[in-house]
Amino acid sequence: MKKTYQGKEQVMDFFSKFSFCPSCGSADFEINNEKSKRCKACGFVYYLNASAAVAAFILNEKKELLVCRRKKDPAKGTLDLPGGFVDNYETAEEALKREIMEELQLEVENPTYLFSLPNEYEYSNLLIPTLDLFFLCQIKKDLIPIPSDDVEDCFYVPLEKIQLELFGLKSVKKAVEIFLREQIGKKCQNI
Ligand SMILES: [Zn+2]
């Protein structure tokens, strides 16, 4: 069963998996506070920070939202927004353009930042804290998305027909709810 917990407990679980100082290798590597572990041998302090991720709201000219179906776990088979992790030394806008090209073979124009949500991502039995950045994007007219990479399928859905419960990742579901509330005033009771 998937672990679900938030904040401090999640970080403590993460820290418990890392027994040795990544700087000197000492086992005298102890929890410093809810954000960090400290090495008693060399003084190194390791901070666990959120990994940045991006996701896109792409609307067509009929104001329908482009949604994807996830090909892989976590949340395989559920609906998702296109996006992914930001690489080192990349801007969020560059990450968004790269991910949408990889996942949908689409060129994105003028990504506009909307809002962010904290999230966690299950990876190798660890829950990694993330900060998801959501953007509104335009694509060049008449371009057809081609599902690729870890996207099983993709299709446009009219905003009023979107079912929030079909989105598998918690922060994406919350983000779609916020987006719909702003776009059409829709509210879902299930979240
Ligand atoms: Zn050390």
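The values are calculated or read from the model by the stated rules, or taken from the named source; none is laboratory data. None of these values were measured; they are calculated from a predicted model. Ideal geometry is used to build each Cβ from the backbone, glycine not excepted, and the neighbour counts take in all protein chains shown.
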Residues of the range 27-43 being closer than 18 Å to PHE14 by Cα, assigned to a loop (DSSP other than H, G, I, E, B) and near the ligand (Cβ under 8 Å from one of its atoms), in sequence order, are ASP28
So the strands (runs of 3 or more DSSP E) completely within the range 81-191 holding 2 or more residues that are in the same structural domain as GLU61 (by TED's automatic domain parsing), hydroxyl-bearing (Ser, Thr, Tyr) and within 17 Å of ALA52 (Cβ to Cβ) are 108-123
Scanning the range 44-61 residue by residue, the ones that are within 14 Å of the ligand (Cβ to nearest atom) and acidic (Asp, Glu) total 0
LYS71 vs (1) away from the ligand (no atom under 15 Å from the Cβ); (2) surrounded by fewer than 14 Cβ atoms within 10 Å (Cβ to Cβ): all pass except (2)
The residue that is modelled with the lowest pLDDT, considering only those in the range 4-26 that are within 16 Å of the ligand (Cβ to nearest atom) and within 28 Å of TYR89 (Cβ to Cβ), is PHE15
*Check the range 110-120 and report whether any residue there is in contact with a helix residue (DSSP H, G or I) (Cβ under 6 Å, 6 or more places away or on another chain), over 30 Å from GLU34 (Cβ atoms), among the polar types (S, T, N, Q) and surrounded by fewer than 21 Cβ atoms within 10 Å (Cβ to Cβ).*
no
